[in-house]
Amino acid sequence: MNGSVAYVVTALGCLVGVAGVVIAVVALRKSRTRRPQAPGDPFRDRDADALRGDPRRLRPGDIVEIRGMSYAVRGSLRLDEGGWSWSEHLLDDAADGRRWLSVEEDPDLELVLWTAEPSATLTPGAPTVDFDGRRFASQESGSARFTATGTTGLDPAGTMRYHDYRSPDGARLSFEAYGTAGWEVARGELLHRAEVMVYPQGDPGKVN
């Protein structure tokens, strides 16, 4: 009888040991497949994010106040060019005025409020472009892939081309073409961080 008990105890000990090894192997595999997190910006103004909301986390349904004017975020675009990404958000105010807010880190946070210029007959490509009494110099051009959420008037995903210009006083002029559509022209104003207040309306843990 004592021999049987000893046998059972020994067998249980072996099973516990094998289970421990299996758990350790599974845990090791999970730790190896876990992707390292991207390093955060050590100079990021987290106090401003806490007090005024984080523009990097804007998504459809949120409210954003810019220079005292409140806008609803109707839709958002996430654009990627060779691993470099930025966001553009379609804003709508109570008077049905629509603008776009671009959010980019280059490496500092850059916020630009864009107003469409549908009557402009300009095309990009020249080193300089004259518009609205200013001369704009070519800054950068390229193409990117985008994904859309909410209401943007665009397909859920696709490609776009862009050509950005800038005047000596900091004003922006942008040309964008989505898919096979023609160029759209927009005039941009660089915003100070203090001019933008974000009021998240949905799940604060969800990021675009």
Query raised in the report: Which one is farthest from R145 (Cα to Cα) among residues in segment 79-127 that are open to solvent by 70 Å² or more (accessible area, probe 1.4 Å) and of a type in the set (V, I, T)?
Result: T121
Requested in this report: Look at V185 and say whether it is β-branched (V, I, T), surrounded by 17 or more Cβ atoms within 10 Å (Cβ to Cβ) and more than 27 Å from L122 (Cβ to Cβ).
Outcome: no
Report task. Please determine, by comparing only the residues of segment 128-137 that are open to solvent by less than 50 Å² (accessible area, probe 1.4 Å) and not aliphatic (A, V, I, L, M), which one is farthest from the chain's Cα centre (by Cα). Result -> F131
Report task. Scan segment 65-78 residue by residue and report those that are in contact (Cβ under 8 Å) with a residue 60 or more places away in the chain and surrounded by 21 or more Cβ atoms within 10 Å (Cβ to Cβ). Result -> V73, S76, L77
Query - Filter result (under 19 Å from L109 (Cβ atoms), outside any loop (DSSP other than H, G, I, E, B) and touching a strand residue (DSSP E or B) at 6+ places or on another chain (Cβ under 9 Å)) within segment 152-194 - result: D164, R166, R172, S174, G188, E189, L190, L191, R193
Report task. Could you tell me whether segment 145-154 includes any residue that is open to solvent by less than 40 Å² (accessible area, probe 1.4 Å) and under 13 Å from the mean Cα position of the chain (by Cα)? Result -> yes
Query raised in the report: Listed residues R59, R74; which is in contact with a Leu (Cβ under 8 Å, 6 or more places away or on another chain) and at pLDDT 95 or above?
Result: R74
Query raised in the report: Of all the residues that make up segment 115-142, how many are outside any loop (DSSP other than H, G, I, E, B) and more than 24 Å from I66 (Cβ to Cβ)?
Result: 9
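The values are calculated or read from the model by the stated rules, or taken from the named source; none is laboratory data. Quick caveat, the model's predicted, so the values are computed rather than measured. We place every Cβ from the backbone using ideal geometry, glycine too, and count neighbours over all the protein chains shown. Please note that ligands, DNA and RNA were not included when accessible areas were found on the heavy atoms of the full protein model with its side chains. Shrake-Rupley method; radii C 1.70, N 1.55, O 1.52, S 1.80 Å.
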